[in-house]
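Encoded as structure tokens, the structure appears first; notes follow it.
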Amino acid sequence: MEKLTCPIVPNFLLGIAGGIQYLKLKKASKHPRKEQEKTLRAILEYGKNTEYGKEHHFDAILEAATADELFARYQQAIKPTDYEDFRPYVNKMKAGQADVLFQGRPMLYATTSGATGEPKWIPISEKYLSDIYGKMNKTWLFNFLHVRPKVYAGKITSVVGKQIEGYTEDGTIYGSVSGFTQARCPGFVKKLYTCPSCVYNIEDYTARNYTLMRMSIERNVTLCVTANPSTMVEMQHNVDIWFDDFCDDIEHGTLSHKIEVPADIRKEVEPYLKPNPERANELRELKKKYGTVTPKLYWPQLQLLTTWKCGNTKIYLDKLEGTFPDDMFYQEFAYFASECRAGLVLDDSNETVLFPHMHYYEFKKAEEFDDPKARFYQLDELVPGQMYCPFVTTFSGLYRYNMNDILMASEPLFGTTPRVHMVSKVNGIVTITGEKLYEGQFVDAVKKAEQDLQMPLNYFCGYANLPKSCYDWLFEFTDQATSQEAAEKFAQEVDKNLKKANIEYEAKRNSFRLKDAQVFRLQEHSFQMWKTGIINRTGQDASRFKPNVLAQHEERHQEILKYVLKD
């Protein structure tokens, strides 16, 4: 391959646009309390004439003379909120009503799983999309350039969600924010992507993954972006399975008909496909020489990979180790959710720099999360090394919104502002690869399976099996003669119910990132034996022993496995 040189156009344009935003971030981070006051005032001003703003007297809150008074009035007027507090307002917006949570109507909705069977619909305002998300993206792209000047010398592989999943009753788009913004990116950036945005609209995940990697493996990729490292594991699995087909397609400039790609998307992809026998032969030679062809072989000049590296996604890092170029820069994706893009990672640490001039943040100490009288801390009050639960207020109509996450405040400070990194979801929500499975959803899914299949249980529980990217379902059937085959069918019914209850669980299962559950039959009285063993070992008060039915507790996971039936 030719030696990389710094590209003039993207480096110049992103250097200016992103550089300006980066300097604004540095300035804001020197005085976080002052910026947080300004930001909260701006959000309340933006929403004061809305239905929610009038109901909660934003105009009176804004009369506060000082930052302390503003924060205090805000906390008094609005209790900490969860999504279900906002659902009635969002339903009005979906029906076409304007000025409900923010000025005007949403540009789109981001859909994500909720605690009930119905998904969350996160409204995205035009202001949030352009002034917050857009400017943060410019900072992000600039930072890639800052850490690796040749990052835009080749092509970009980016794995995003489907831009348009559908439309609400008033005609507003719902889908992926990342997919939506990528489709609207500047032309000079769009030219760098290995495939057009239509590829992410392919419904069949096998076909989508095939198309993405067939087009990406042909090109000299220098930047790879995807939130979840499990996606890269799945992409490489795709390469392992289809490598010879990729080579044939690349040689002839085709897209295999072994996969189901809609005709309209095939037509849109065709201009990107030209016969390239030289590249096909290069790839075949790599397979002959090395057997398994990994990214360090087909993307040897890759400058930067960014994925999540914190929380339980760390388990996938082992699977990626040694498969990418040794001199590649591997950057944490940052603390990021559908509800709020809280900040960015700007260096080689895993620490997210929060944006005090774009969102308003409040924090509870993690150990005081369930205490309604516990104090809320401001951004400038965070103590490095302490764990907190964040609550955010945004320009998209979320006010004191509970993110249900546990973060660790960390150093070094950015300006005078502590950084943070993700530790885990709050108790009651389990995630292996981004599915955010609620304990209540699991309980309901099992109960429905019991009823529908007439297979009663004495006890059941589930654990995240991170190394195998699946769940372990453990069932104590009332009928101890229940066969393993019958237990597997019961688990399939639970899986079907969970797909209906949780759209992200369904997406992760359909995309193969979340594997089939492992199913175990438990001995009679397993719960009692398990409980007794833990209490005897720990000295825990038996009256307070309330283990989660769904959890990620590795030690207890191993202990309950002691009571699995042996064939």
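The values are calculated or read from the model by the stated rules, or taken from the named source; none is laboratory data. Please read all numbers here as calculations on a predicted model, not as lab measurements. In this analysis, Cβ positions are derived from the backbone assuming ideal geometry, glycine residues included, and neighbour counts consider all displayed protein chains. Note: accessible area is taken over every heavy atom of the protein model, side chains too, but ligands, DNA and RNA are not part of it. Shrake-Rupley method; radii C 1.70, N 1.55, O 1.52, S 1.80 Å.
Could you list, in sequence order, all residues of region 412-437 that are open to solvent by less than 30 Å² (accessible area, probe 1.4 Å) and either within 29 Å of Asp380 (Cα to Cα) or more than 12 Å from the chain's Cα centre (by Cα) (or both)?
If the condition is that a residue be open to solvent by less than 30 Å² (accessible area, probe 1.4 Å) and either within 29 Å of Asp380 (Cα to Cα) or more than 12 Å from the chain's Cα centre (by Cα) (or both), then Phe414, Thr417, Pro418, Arg419, Val420, Val426, Gly428, Ile429, Val430, Leu437 are the ones that fit.
Would you call Asp245 open to solvent by 20 Å² or more (accessible area, probe 1.4 Å) and closer than 24 Å to Arg509 by Cβ?
No.
Would you be able to say whether some residue in region 310-317 is part of a loop (DSSP other than H, G, I, E, B) and either loosely packed, with under 12 Cβ neighbours inside 10 Å or not aromatic (Phe, Trp, Tyr) (or both)?
The answer is yes; a qualifying residue exists.
With the condition kept exactly as written, say whether any residue in region 381-395 is open to solvent by less than 40 Å² (accessible area, probe 1.4 Å), among the polar types (S, T, N, Q), under 26 Å from Leu305 (Cα atoms) and assigned to a loop (DSSP other than H, G, I, E, B).
no
With region 46-92 as the region, which helices (runs of 4 or more DSSP H) entirely inside it contain at least 3 residues that are over 22 Å from Pro123 (Cα atoms) and open to solvent by 70 Å² or more (accessible area, probe 1.4 Å)?
It comes to 67-77.
Could you say whether any residue in region 115-123 is of a type outside the set (D, E, K, R), touching a strand residue (DSSP E or B) at 6+ places or on another chain (Cβ under 9 Å) and within 28 Å of Ser216 (Cα to Cα)?
No, every residue in region 115-123 fails to be of a type outside the set (D, E, K, R), touching a strand residue (DSSP E or B) at 6+ places or on another chain (Cβ under 9 Å) and within 28 Å of Ser216 (Cα to Cα).
Please verify whether region 353-360 includes one or more residues that are at pLDDT 95 or above, in contact with a Gly (Cβ under 6 Å, 6 or more places away or on another chain), open to solvent by less than 40 Å² (accessible area, probe 1.4 Å) and not in a loop (DSSP other than H, G, I, E, B).
yes
For a quick check of your reading of the model, give me the residue pairs whose first member lies in region 325-341 and is over 18 Å from Val353 (Cβ atoms) and open to solvent by less than 20 Å² (accessible area, probe 1.4 Å), whose second is assigned to a strand (DSSP E or B) and not small (Gly, Ala, Ser), with beta-carbon atoms closer than 6 Å and at least 6 apart or on different chains.
Sorted first by the residue in region 325-341, then by its partner, the pairs are Glu339/Ile122.
Considering only residues that are of a type in the set (A, V, I, L, M, F, W, C) and open to solvent by 20 Å² or more (accessible area, probe 1.4 Å), which ones fall in region 468-482?
Listed by number, the list holds a single entry, Ala481.
Listed residues Gln451, Gln441, Gln378; which is over 25 Å from Ala227 (Cα atoms) and either touching a Pro at 6+ places or on another chain (Cβ under 9 Å) or open to solvent by less than 20 Å² (accessible area, probe 1.4 Å) (or both)?
Gln378
Could you look through region 255-279, keep only residues that are open to solvent by less than 60 Å² (accessible area, probe 1.4 Å) and touching a Pro at 6+ places or on another chain (Cβ under 9 Å), and pick out the one that is nearest to Asn201 (Cα to Cα)?
Ile265
Return a yes/no flag: does region 502-515 have any residue that is surrounded by 18 or more Cβ atoms within 10 Å (Cβ to Cβ), farther than 24 Å from Glu234 by Cα and either under 28 Å from the mean Cα position of the chain (by Cα) or at pLDDT 95 or above (or both).
no
Among the candidates Ala42, Ala28, Ala98, which residue alone is under 28 Å from the mean Cα position of the chain (by Cα) and open to solvent by 30 Å² or more (accessible area, probe 1.4 Å)?
Ala42
Pairs needed: first member in region 231-256, without any contact (Cβ under 8 Å) to a residue 60 or more places away in the chain; second member anywhere, open to solvent by 20 Å² or more (accessible area, probe 1.4 Å) and of a type in the set (Ser, Thr, Tyr); C-beta distance under 7 Å; at least 6 residues apart or different chains.
What qualifies is Asp240/Thr292.
Where in region 124-194 are there helices (runs of 4 or more DSSP H), lying wholly inside it, with at least 3 residues that are open to solvent by less than 30 Å² (accessible area, probe 1.4 Å) and either more than 27 Å from Gly96 (Cβ to Cβ) or hydrophobic (A, V, I, L, M, F, W, C) (or both)?
134-147, 177-183
Quick check: anything in region 369-382 under 25 Å from Tyr505 (Cβ atoms), within 26 Å of the chain's Cα centre (by Cα) and not basic (Lys, Arg)?
Yes: region 369-382 contains one or more residues that are under 25 Å from Tyr505 (Cβ atoms), within 26 Å of the chain's Cα centre (by Cα) and not basic (Lys, Arg).
Could you list, in sequence order, the residues of region 295-307 that are open to solvent by 40 Å² or more (accessible area, probe 1.4 Å) and in contact with a Ser or Thr (Cβ under 9 Å, 6 or more places away or on another chain)?
Hit for region 295-307 is Lys296, nothing else.
Does region 137-146 contain any residue that is among the basic types (Lys, Arg), within 26 Å of Ala28 (Cβ to Cβ) and in contact (Cβ under 8 Å) with a residue 12 or more places away in the chain?
Within region 137-146 (the criterion being among the basic types (Lys, Arg), within 26 Å of Ala28 (Cβ to Cβ) and in contact (Cβ under 8 Å) with a residue 12 or more places away in the chain), the answer is yes, since at least one residue qualifies.
With the structure loaded, tell me whether Gly385 is at positive phi and in contact with a Leu (Cβ under 9 Å, 6 or more places away or on another chain) or whether it fails that test.
No.
When the residues of region 282-294 are narrowed to those that are touching a helix residue (DSSP H, G or I) at 6+ places or on another chain (Cβ under 7 Å) and assigned to a helix (DSSP H, G or I), which ends up surrounded by the most Cβ atoms within 10 Å (Cβ to Cβ)?
Looking at residues that are touching a helix residue (DSSP H, G or I) at 6+ places or on another chain (Cβ under 7 Å) and assigned to a helix (DSSP H, G or I), I get Leu283.
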